[in-house]
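> One structure, pasted below without further comment.
The values are calculated or read from the model by the stated rules, or taken from the named source; none is laboratory data. Values in this document were obtained by computation on a predicted structure and should not be read as measured data. Please note: Cβ atoms are built from the backbone with ideal geometry, for glycine as well, and neighbour counts cover all protein chains shown. Just the protein is used for accessible areas: all its heavy atoms, side chains included, with ligands, DNA and RNA removed. Shrake-Rupley method; radii C 1.70, N 1.55, O 1.52, S 1.80 Å.
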Amino acid sequence: MTEGREAVGDLPEGRWDAYRGRPGLARALAAAPRRGAFLADAAGFDAAFFGITPREAELMDPQQRLTLETGWEALEDAGIAPHTLAGSDAGVFMGAGSDDYGRQMLEDLPAIEAWSGIGASLCAIANRLSYVLDLRGPSLVVDTACSSSLAALHLACQSLRARECTHALAGGVHLVAAPGLSMVLDAAGATSRDGRSKSFDAAADGYGRGEGVGVVVLKRLFDALADGG
């Protein structure tokens, strides 16, 4: 917004190619809504940086990859070297309202292998970050639909107050990796055809779906002040 750029556009080329060619799906796929605020490169990921093999990375829900990258960056932005939290009771609380990628993997029965399970799992969105950084505190994913990230933030604050953890990484992630949920929301009249939200406008005709990820690092105020924060 500050740069005056338009975030809403067409679905990235090739995003739903896994559904092309399936019997009986051509007409339905052609009618699926294709406007929204999409990430340009949802697949990009430096697996080696996180010590993850290429094959394992391929079978990871991109929402797990996005959370790993953004969680790492959030800690750096907070002035915390990520690996210095190893062995601590730091917690990870993430909101996620869809598992499009995971459903696709588990429906492709001939291609299932050992990495498919954790790669398709919603819980691993938080658990991957906890594992890579060796965080021993709570690690969970909550799905409360549109309020998922807010619910995750609330649970993180509660955990800090209860002294279950000293640091909490909290946020949310969302990726439109399959057409199904977009079609459901379109059929229900919940989303706008142009992909834009027009809150409190006479022209309002539904909300626009979007993709993204956000993570914040939280501490109790007393601890932050004691650490010079």
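> Might you let me know whether segment 218-226 holds any residue that is surrounded by 14 or more Cβ atoms within 10 Å (Cβ to Cβ), out of contact with any Cys (no Cβ under 8 Å at 6 or more places or on another chain) and assigned to a loop (DSSP other than H, G, I, E, B)?
yes
> With the requirement that a residue be under 12 Å from the mean Cα position of the chain (by Cα) and farther than 15 Å from L129 by Cα, what does segment 88-106 give you? Lay out the reasoning, then the answer.
Start the filter on segment 88-106 by keeping residues that are under 12 Å from the mean Cα position of the chain (by Cα), which leaves 93-101.
G97, S98, D99, D100, Y101, listed by residue number.
> Would you please list the contacts, defined by Cβ atoms under 8 Å and residues six or more apart or on different chains, that run from a residue in segment 1-16 that is open to solvent by less than 100 Å² (accessible area, probe 1.4 Å) to a residue that is of a type in the set (K, R)?
Hits for this filter: V8/R35; V8/R196; G9/R35; L11/R34; L11/R35.
> Can you tell me which residue in segment 52-73 is nearest to L175 (Cα to Cα), limited to those that are open to solvent by 50 Å² or more (accessible area, probe 1.4 Å) and at pLDDT below 95?
Applying the filter and picking the extreme gives E58.
> Touching a Pro at 6+ places or on another chain (Cβ under 7 Å), without any contact (Cβ under 8 Å) to a residue 24 or more places away in the chain and either surrounded by 15 or more Cβ atoms within 10 Å (Cβ to Cβ) or of a type in the set (A, V, I, L, M) (or both), is that true of A26?
On the way: touching a Pro at 6+ places or on another chain (Cβ under 7 Å): no; without any contact (Cβ under 8 Å) to a residue 24 or more places away in the chain: yes; either surrounded by 15 or more Cβ atoms within 10 Å (Cβ to Cβ) or of a type in the set (A, V, I, L, M) (or both): yes.
No, not satisfied.
> So if I check each of A30, A40, A7, which one is assigned to a helix (DSSP H, G or I), of a type in the set (G, A, S) and either touching a strand residue (DSSP E or B) at 6+ places or on another chain (Cβ under 9 Å) or over 24 Å from V217 (Cα atoms) (or both)?
Numbers: A40 fails: assigned to a helix (DSSP H, G or I); A7 fails: assigned to a helix (DSSP H, G or I).
Result: A30 is the single residue among A30, A40, A7 that is assigned to a helix (DSSP H, G or I), of a type in the set (G, A, S) and either touching a strand residue (DSSP E or B) at 6+ places or on another chain (Cβ under 9 Å) or over 24 Å from V217 (Cα atoms) (or both).
> Counting residues that are open to solvent by less than 40 Å² (accessible area, probe 1.4 Å), more than 22 Å from G214 (Cα to Cα) and not polar (S, T, N, Q), which helices (runs of 4 or more DSSP H) fully inside segment 74-189 reach at least 1? Can you show your working first?
On the way: elements: 100-107, 116-120, 124-133, 148-161, 180-187.
Because the criterion is at least 1 residues that are open to solvent by less than 40 Å² (accessible area, probe 1.4 Å), more than 22 Å from G214 (Cα to Cα) and not polar (S, T, N, Q), the helices (runs of 4 or more DSSP H) in segment 74-189 that meet it are 100-107, 180-187.
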